[in-house]
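J.: Questions regarding the structure given below will be posed in turn.
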Amino acid sequence: MLDHLFDRNVAWSQKKTRDDPGFFRRLAEQQTPNYVWIGCSDSRVTANDVLGLDPGEVFVHRNIANVVHTSDMNILSVLEYAIHTLNAEHIIICGHYGCGGVERALSGESSALVDHWLQPIVMLYRQHKKVLDAIADPEARIDRMCELNIELQMRRIAMTPIIEQAWIQGKTLHIHGWIYGIHDGLLRAIGSPISSQEERDSLASIDARVHEPVEPVSMVRRHAIEAFAGLDAFEPNEGLECCTSPVPLHLSSHPRRV
């Protein structure tokens with residue numbers, strides 16, 4: 001019934017072997033990923049493809065709306081194995097714009113999915129409903145909540161005993177918050193990584209973030225900022241009048257930004 005998928009697997013295997021005859025031999029010997037990806041189960045957001053990495057280079061856990069439940073033995077097992085056995089140093093919490101799970105959490109519907117799994121997102125929305133509902137565009141409201149959800153899950157995972165013990169033991173461990181734009185294929189970083197208990201404890205609360213959002217920035221934009229930073233060496237009015245006006249940031253939560 002699914003023979004076409006087996007055919008695609010054969011074609012993929014043969015192509016990989018042609019391009020790199022030693023690929024599968026190296027893959028079978030050992031997996032030593034330095035990255036742990038905790039992402040959404042959305043079929044359009046696959047870690048290896050988004051990162052441009054081969055199998056074996058990223059350890060992956062996915063669930064609806066990339067939620068971190070501290071009682072979830074699945075995610076805790078992934079973390080413990082990745083940190084203490086694989087010695088991974090980077091944990092990436094990656095959501096995406098237009099997340100259906102986040103949209104469901106904001107819908108007001110009641111079900112086992114919403115009442116249990118999505119409960120952390122639901123509660124955050126309820127606590128700040130007035131502020132978030134002031135965002136007139138429904139898509140922009142959902143996308144803003146997608147960003148907040150990533151920051152929320154970063155804080156939740158940083159509070160787990162597994163992460164705390166790793167830092168106490170002196171392990172190098174960074175927690176990153178990223179969001180992916182399905183519309184353009186770009187990853188955007190939300191704030192700075194959390195690399196210690198001190199950094200975690202000094203973070204602004206998630207409630208504060210609702211009122212003072214952090215603008216996600218893609219590598220495309222970072223390169224542009226770095227390139228234009230060099231223009232400071234020019235004298236004013238030296239043919240750069242087009243660049244003297246600041247870029248408005250009123251669309252900071254809109255996913256079409258770079």
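Rule-based calculations on the coordinates, nothing more; no lab input. Note that the structure is a prediction, hence the values are computed from the model and not measured. Reconstructed Cβ throughout: ideal geometry from the backbone, glycine too, with neighbour counts over all protein chains shown.
J.: Give the residues of the range 115-128 that are in a helix (DSSP H, G or I), over 12 Å from Val67 (Cα atoms) and more than 21 Å from the chain's Cα centre (by Cα), sorted by residue number.
T.: Asp115, Arg126, Gln127
J.: Now for a separate question. Pairs only if they're at least six apart or on different chains, beta carbon under 8 angstrom, first in the range 181-201 and touching a residue at least 12 places away in the same chain (Cβ under 8 Å), second part of a strand (DSSP E or B) and of a type in the set (Phe, Trp, Tyr); list them, first residue then second.
T.: Leu186/Tyr180; Leu187/Trp178; Leu187/Tyr180; Arg188/Trp178; Arg188/Tyr180; Ala189/Trp178; Ile190/Trp178
J.: Checking the condition closer than 24 Å to Leu148 by Cα and loosely packed, with under 10 Cβ neighbours inside 10 Å, which residue from Glu198, Glu226, Glu215 passes?
T.: Numbers: Glu226 fails: closer than 24 Å to Leu148 by Cα; Glu215 fails: loosely packed, with under 10 Cβ neighbours inside 10 Å.
From the options Glu198, Glu226, Glu215, the qualifying one is Glu198.
J.: Hey, another quick one. Checking the conditions here, which among Leu203, Leu186 is aliphatic (A, V, I, L, M) and under 17 Å from Tyr97 (Cα atoms)?
T.: Details: Leu203 fails: under 17 Å from Tyr97 (Cα atoms).
Only one candidate passes the filter, namely Leu186.
J.: Please specify each residue of the range 36-67 satisfying the condition of being in a strand (DSSP E or B), of a type outside the set (A, V, I, L, M, F, W, C) and crowded, with 19+ Cβ neighbours inside 10 Å. Full working, then the answer.
T.: Pass one, the range 36-67, residues in a strand (DSSP E or B): 36-40, 58-63.
If we keep only those that are of a type outside the set (A, V, I, L, M, F, W, C) as well, we get 39, 61-63.
Answer for the range 36-67, where residues must be in a strand (DSSP E or B), of a type outside the set (A, V, I, L, M, F, W, C) and crowded, with 19+ Cβ neighbours inside 10 Å: Gly39, His61.
J.: Next question. Pairs only if they're at least six apart or on different chains, beta carbon under 7 angstrom, first in the range 113-135 and in contact (Cβ under 8 Å) with a residue 24 or more places away in the chain and buried (at least 20 other Cβ atoms within 10 Å of the Cβ), second of a type in the set (Lys, Arg) and in a helix (DSSP H, G or I); list them, first residue then second.
T.: Leu118/Arg104
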